[in-house]
Amino acid sequence: MTLRDIIILPDKRLRRISDKVDKITPEIRTLVADMFETMYEAPGIGLAAIQVAVPLRVITMDIAKKDDEKEPRVFINPEIIARSEEKSVYEEGCLSIPDIHEDVERPARVRVRFMDLDGKIHEEDADGLYATCIQHEIDHLNGVLFLDYLSKLKRDYIVRKFTKAARKAAAE
Ligand code: GNR
Ligand code: NI
């Protein structure tokens, strides 16, 4: 397994729409193993492949509490097939936007269809943190960031801050 670099705002690749996986190849298995290593090391509760610069519809997740047993989950070509009317607000963060945490309102419950590493299709109902996280990750596959749900004022402020930091880092 290999730790991969996580790309950070304002990297334009975060706005790409990721491609469907049409076959579980050894490369996909390696990608998933590397994503788990990278996600646990960060640490984060979810990771989309585009965050390690791979534009494929692959997500890793583990929302188990810190001292509980690990619950690694893989979602390939995930789709939200139903959303609740009811909303919930959760304070979100993103490994590609470090140190920014803001409240985001999303559907409280979703039904998700996805493929596992054996090519088997599953459907699951998600609520709570699972619902928030799967929506956040599927957004990444569509080039959407949690920033997009904030006011334009907040979003512009955060993007500017990261753009300045990147410019400064490049000049050093
Ligand atoms: O680690 C993460 N925590 C988190 C907290 C609230 C809502 C969503 C997330 S996902 C984030 C990791 C990440 O950036 N995944 O794309
Ligand atoms: Ni994220």
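Points to keep in mind about this one:
- Accessible area per residue for the chain, computed on protein heavy atoms with a 1.4 Å probe, is 58 Å².
- Electrostatic tally near Leu153: other residues with Cβ closer than 14 Å to its Cβ, Lys and Arg +1, Asp and Glu -1, net +2.
- Region 1-50 versus region 129-172: alpha-carbon centroid distance in Å: 17 Å
- Segments 17-24, 59-66 sorted - mean Cβ within 10 Å per residue, highest first: 59-66, 17-24
- Assuming charge only on the beta carbon of Lys and Arg (+1) and of Asp and Glu (-1), the dipole of the chain about its Cα centre is about 900 debye to the nearest 20.
- Taking the accessible area of region 118-172, probe 1.4 Å, and keeping the other protein chains in place, the carbon and sulfur fraction comes to 55%.
- Value of relative contact order over region 1-150, rounded to a whole percent, pairs C-alpha under 8 Å and six or more apart: 25 percent
- Ranking Ile6, Ile24, Phe114 by how far each Cα lies toward the positive end of the dipole of the chain (charges on Cβ) leaves Ile6 at the top.
- Length-normalised contact order for region 73-139 - Cα pairs under 8 Å, 6+ apart - percent: 33 percent
- Distance in nm between pseudo-label sites at Asp156 and Asp99 (7 Å out along the Cβ direction from Cα): 2.3 nm
- Size of charge dipole - region 75-165 - debye, nearest 20, with Cβ of Lys, Arg +1 and Asp, Glu -1, no other charges: 500 debye
- Calculated SAXS-style log₁₀ I(q)/I(0) at q = 0.11, 0.16 Å⁻¹ - region 85-172, Debye, Cα scatterers: -0.41, -0.74
- Amide H contacts of Asp19 (H built 1.01 Å from N, in plane; Pro and chain starts excluded): Leu56, Arg57 sit under 5 Å, all sequence-distant by 5 or more or on other chains.
The values are calculated or read from the model by the stated rules, or taken from the named source; none is laboratory data. This structure is a prediction, so every number in the text was calculated from the model and none was measured. Note that we place each Cβ from the backbone using ideal geometry, even for glycine, and neighbour counts take in every protein chain shown. We work out accessible area using only protein heavy atoms, side chains counted, and drop any ligands, DNA or RNA first. Shrake-Rupley method; radii C 1.70, N 1.55, O 1.52, S 1.80 Å.
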